[in-house]
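Report on the structure given below.
Every number in this text was worked out from the coordinates using simple rules, so none of it is lab data. Because the structure is predicted, anything quoted here is derived from the model rather than measured. Positions of Cβ are generated from backbone atoms using ideal geometry, with glycine treated the same way; all protein chains shown enter the neighbour counts.
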Amino acid sequence: MAKKEKCECCAKTTVRSGEEQKKLMNRLSRIEGQIRGIKGMIEKNAYCADILVQSAAVNAAVNSFNKDLIASHLRTCVVRDIREGKDDVIDELVAILQKLMK
């Protein structure tokens, strides 16, 4: 039986403090709650403009989550990799930023 190889996206990990992990998970839980709220609004035939306001709030929450995660990534992973001479982390960061700015 052939051994499964990990894809590149699964090969890297980031160890986070319990506090940081809890903070990120709490934010995602709030976003998840907002999404459930929007689904409920759809089910109740809420007014389109009201749904759009809630959708904008979800977008803002996701953007805020991404900003915090990018800041953490820069301060930890990127700095570490550059110090170790792994300059390809810059190309990776540029690609991530390009995806987020679409």
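Contact order, relative form, for the chain: 22 percent (alpha carbon pairs under 8 Å, 6 or more residues apart, mean separation divided by residue count).
Determine the dipole magnitude for the chain: charges of +1 sit on the beta-carbon of Lys and Arg, -1 on that of Asp and Glu, nothing else is charged, the reference point is the Cα centre, and the result goes in debye to the nearest 20. Please report the intermediate quantities before stating the final value.
On the way: 19 positive and 14 negative charges, 67 e Å.
Taking the Cα centre of the chain as origin, the dipole is about 320 debye.
So if R0 is 35 Å, what FRET efficiency would I42 and S72 give, r being the distance between their Cβ atoms, rounded to the nearest 0.05? If you can, show how the numbers build up before the last one.
On the way: r = 34 Å, r/R0 = 0.96.
Efficiency, rounded to the nearest 0.05: 0.55.
Compute the whole-percent fraction of alpha carbon pairs in the chain spaced more than 19 Å apart. Write out the running numbers ahead of the final one.
Values: 3111 of 5151 pairs.
So the portion of pairs separated by more than 19 Å is 60 percent.
For K99 and A57, a Förster radius of 22 Å and the Cβ-Cβ distance give a FRET efficiency of 0.50, rounded to the nearest 0.05.
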